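Engineer: Take this structure first; my questions come after.
The values are calculated or read from the model by the stated rules, or taken from the named source; none is laboratory data. Here the structure is a predicted model, which means the values were calculated and not measured. In this analysis, Cβ positions are derived from the backbone assuming ideal geometry, glycine residues included, and neighbour counts consider all displayed protein chains.
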Amino acid sequence: MKYCPNCATTLTIKIPADDSRERYVCEACGSIHYQNPRNVVGSIPVYGKQVLLCRRAIEPRLGYWTLPAGFMELGESTSHGAARETLEEAGAVVEIGPLYSLLNVPHAEQVHLFYLAKMVSPEFSAGEESLEVALFDEHEIPWNEIAFPTVKQTLEWFFADRASGLLDQDKEFYVRSRDVLPSERI
């Protein structure tokens with residue numbers, strides 16, 4: 001960021017009073033411009049025993065498989081964003097369930113949130129950001145072609161929890177969470 005979005009003056013990087021981090025500060029109008037992590041929201045769309053994955057039509061990781069997810073928009077909740085991204089990328093209408101995983105990706109300035117989701121029907125289609133979309137049984141997942149560590153981790157947790165019965169109805173579970181390190185980049 002070079003210029004103040006409010007008055008177009010060149011910004012200075014400094015620690016404002018009553019703060020502990022360097023920020024972009026406009027000396028002309030006094031605005032402090034914070035840079036915060038971006039939320040990536042998505043779902044684990046399930047139909048029967050299968051999970052819906054999308055093959056990416058865009059960079060990064062063009063041609064690799066992922067869960068439907070993308071950046072949260074202003075004015076929407078994380079769960080609404082997950083449902084929207086699933087519809088946009090996979091053409092699938094889902095009933096969003098509980099938050100399942102939260103992965104911090106500080107080196108990419110992101111937080112990834114994935115919700116359990118039940119597909120309303122077996123209907124789906126590739127959106128503009130997907131080359132193709134397909135339902136997979138666990139043994140069919142293209143593990144070596146998964147786009148991001150957060151997606152791989154979420155899928156691994158999901159299949160392990162489902163196999164153990166942890167995801168059965170009326171069972172309480174805790175949101176899976178961890179930090180993803182820069183060394184985990186694919």
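Engineer: Among strands (runs of 3 or more DSSP E) lying entirely in segment 83-186, which contain 1 or more residues that are over 22 Å from Ile58 (Cβ atoms) and assigned by TED's automatic domain parsing to the domain that holds Tyr64?
Structural biologist: Working: elements: 94-105, 110-119, 130-136, 176-179.
Ranges flagged: 94-105, 110-119.
Engineer: Which residue out of Glu85, Glu145 is surrounded by fewer than 19 Cβ atoms within 10 Å (Cβ to Cβ) and not β-branched (Val, Ile, Thr)? Give the steps one after another, and end with the answer.
Structural biologist: Details: Glu85 fails: surrounded by fewer than 19 Cβ atoms within 10 Å (Cβ to Cβ).
The unique qualifying residue is Glu145.
Engineer: Give the number of residues within segment 52-72 that are more than 17 Å from Val105 (Cβ to Cβ) and touching a helix residue (DSSP H, G or I) at 6+ places or on another chain (Cβ under 7 Å).
Structural biologist: Final tally of qualifying residues: 4.
A quick yes/no check of all residues on (1) touching a residue at least 40 places away in the same chain (Cβ under 8 Å); (2) in a loop (DSSP other than H, G, I, E, B); (3) not aromatic (Phe, Trp, Tyr):
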residue: Ala8; (1), (2), (3): no, yes, yes
residue: Ile13; (1), (2), (3): no, no, yes
residue: Ala17; (1), (2), (3): no, yes, yes
residue: Tyr24; (1), (2), (3): no, no, no
residue: Cys29; (1), (2), (3): no, yes, yes
residue: Gly42; (1), (2), (3): yes, no, yes
residue: Leu52; (1), (2), (3): yes, no, yes
residue: Pro60; (1), (2), (3): yes, yes, yes
residue: Gly63; (1), (2), (3): yes, yes, yes
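Engineer: Restricting attention to segment 65-82, which residues are surrounded by 19 or more Cβ atoms within 10 Å (Cβ to Cβ) and in a loop (DSSP other than H, G, I, E, B)?
Structural biologist: Leu67, Pro68, Met72
Engineer: Scan segment 80-122 residue by residue and report those that are touching a helix residue (DSSP H, G or I) at 6+ places or on another chain (Cβ under 6 Å) and touching a residue at least 60 places away in the same chain (Cβ under 8 Å).
Structural biologist: Matches in segment 80-122: Ser101, Leu103, His107, His112, Leu113, Phe114, Tyr115.
Engineer: When segment 78-102 is examined, which residues are found to be of a type in the set (A, V, I, L, M) and either out of contact with any Asp or Glu (no Cβ under 8 Å at 6 or more places or on another chain) or modelled with pLDDT under 95 (or both)?
Structural biologist: At the first step, the residues of segment 78-102 found to be of a type in the set (A, V, I, L, M) are 82-83, 87, 90, 92-94, 96, 99, 102.
Within segment 78-102, Ala82, Ala83, Leu87, Ala90, Val94, Ile96, Leu99, Leu102 qualify.
Engineer: OK, next. Could you please tell me which pairs satisfy a Cβ distance under 7 Å, a separation of 6+ or placement on different chains, a first residue in segment 162-186 that is under 19 Å from Thr66 (Cβ atoms), and a second residue that is acidic (Asp, Glu) and modelled with pLDDT under 95?
Structural biologist: Within 7 Å, no pair qualifies.
Engineer: Within the bounds of segment 37-53, is there any residue that is at pLDDT below 95 and either out of contact with any Ser or Thr (no Cβ under 6 Å at 6 or more places or on another chain) or assigned by TED's automatic domain parsing to the domain that holds His107 (or both)? Can you show your working first?
Structural biologist: Taking segment 37-53 as the starting set, the residues that turn out to be at pLDDT below 95 are 37.
After this cut, where a residue has to be either out of contact with any Ser or Thr (no Cβ under 6 Å at 6 or more places or on another chain) or assigned by TED's automatic domain parsing to the domain that holds His107 (or both) as well, the list is 37.
Yes, some residue in segment 37-53 is at pLDDT below 95 and either out of contact with any Ser or Thr (no Cβ under 6 Å at 6 or more places or on another chain) or assigned by TED's automatic domain parsing to the domain that holds His107 (or both).
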